[in-house]
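Quick notes on the structure that follows.
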Amino acid sequence: MKISILTLFPEMYAGPFDHSIIKKAKEAGLVQIRLINIRDFGLTRHSTVDDTPFGGGIGMVLRVDVLCAALKSKVIDSEATHIVLLDARGKKFDQQKAKEFKEFEHLILVCGHYEGVDERIRDYVDEELSLGDFILTGGEIPTMAVTDAVVRLIPSVLKDGATINESFSLLDDSQNILLEYPQYTKPRIFEQQSVPVVLLSGDHASIDKWRKNKAKEITLLNRPDLIKKS
C-alpha cells in the first residue's frame, strides 16, 4: 500500500513515522509513505501557497491552484487512488473508515490549513474527514492519526487476530460495537488490588463471557451511543 500526504510541514512527520509499528511496516515493504511538500508547488519566488479570503475575514486561505498542482503532479499514479481532505467540516473518522482505507492501493491525504482551503478544492477530493468535534491548527496531526489507524490494519503488520477483539471491532451477540474489555498482567496483586479470579481459572468459556460482559459495561458507561436502542 502507498500513502501520500500533502502538507506544508513535512518535517513534522519525522518522529511519528520513524518509530514503532509504522517504522517496521515501512522496513518490511508493507507500506510506502510519501510526503509531498505543498510549498514545492507555490507561486512566485516566495513559494506562496495561500492568500487573503475574498469578502474579507481573518486568516489566510490555501489556494486551489497550488493544491491542484500538487495533486496533479506525480502523486496520482494508480487506478485505486482515494483522495481525502482532512478538514473540520468533514465526517468523523472511525474504525470502519480505517478498514475501508486499507483496501486502496494508494491513499492520498491532504492536510487542511489554518483558516481553511479554497472551497473549489473539494471538487478534486473523494471525501472530507475530521478527527472529531474540535479544531486543530492544521491537518498534519489528523493525517498522522489516520495513517497510524490504517497501517496497523494492513495484513502482516500486526500478529494475526490482533485487531479482532479490540475497541470498535469487538461485537456482542446483537452486533453492537463494543469498547475493549479490561486487560491485566503481572503482578497478580498490586497495592491490594488483585487480578479478577476468573482470568486465572483457565476456564476459557467463563473468561470469554466475563470479557464480553465487561466490554458491554464499559461501552454503556463511556459510549452508550454505540449500543443499539431497542
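The values are calculated or read from the model by the stated rules, or taken from the named source; none is laboratory data. As the structure is a computational prediction, the values presented were derived from the model and not from experiment. Here the Cβ is made from the backbone with ideal geometry for all residues, glycine too, and neighbour counts use every protein chain on show.
Here are the numbers:
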item: Single residue of the stretch 86-137 satisfying the filter (aliphatic (A, V, I, L, M) and in a loop (DSSP other than H, G, I, E, B)) that is surrounded by the most Cβ atoms within 10 Å (Cβ to Cβ); result: Val125
item: Criterion violated by Val150 - all others in (1) modelled with pLDDT of 95 or more; (2) out of contact with any Ser or Thr (no Cβ under 6 Å at 6 or more places or on another chain); (3) part of a loop (DSSP other than H, G, I, E, B) satisfied; result: (3)
item: Residue in the stretch 95-105 that is modelled with pLDDT of 95 or more, of a type outside the set (Asp, Glu) and more than 25 Å from Asp18 (Cα to Cα) present; result: yes
item: Tally of residues being closer than 19 Å to Ala70 by Cβ and free of Cβ contacts under 8 Å to residues at least 24 places away in the same chain across the stretch 1-31; result: 1
item: Selection within the stretch 100-145 - under 17 Å from the mean Cα position of the chain (by Cα) and of a type in the set (Phe, Trp, Tyr); result: Phe101, Phe104, Phe134
item: Filter result for Lys216 (closer than 26 Å to Glu100 by Cα, of a type in the set (D, E, K, R) and outside the structural domain of Lys97 (by TED's automatic domain parsing)); result: yes
item: Residue list for the stretch 1-60, restricted to those being surrounded by 15 or more Cβ atoms within 10 Å (Cβ to Cβ), within 21 Å of His106 (Cβ to Cβ) and small (Gly, Ala, Ser); result: Ser4, Ala25
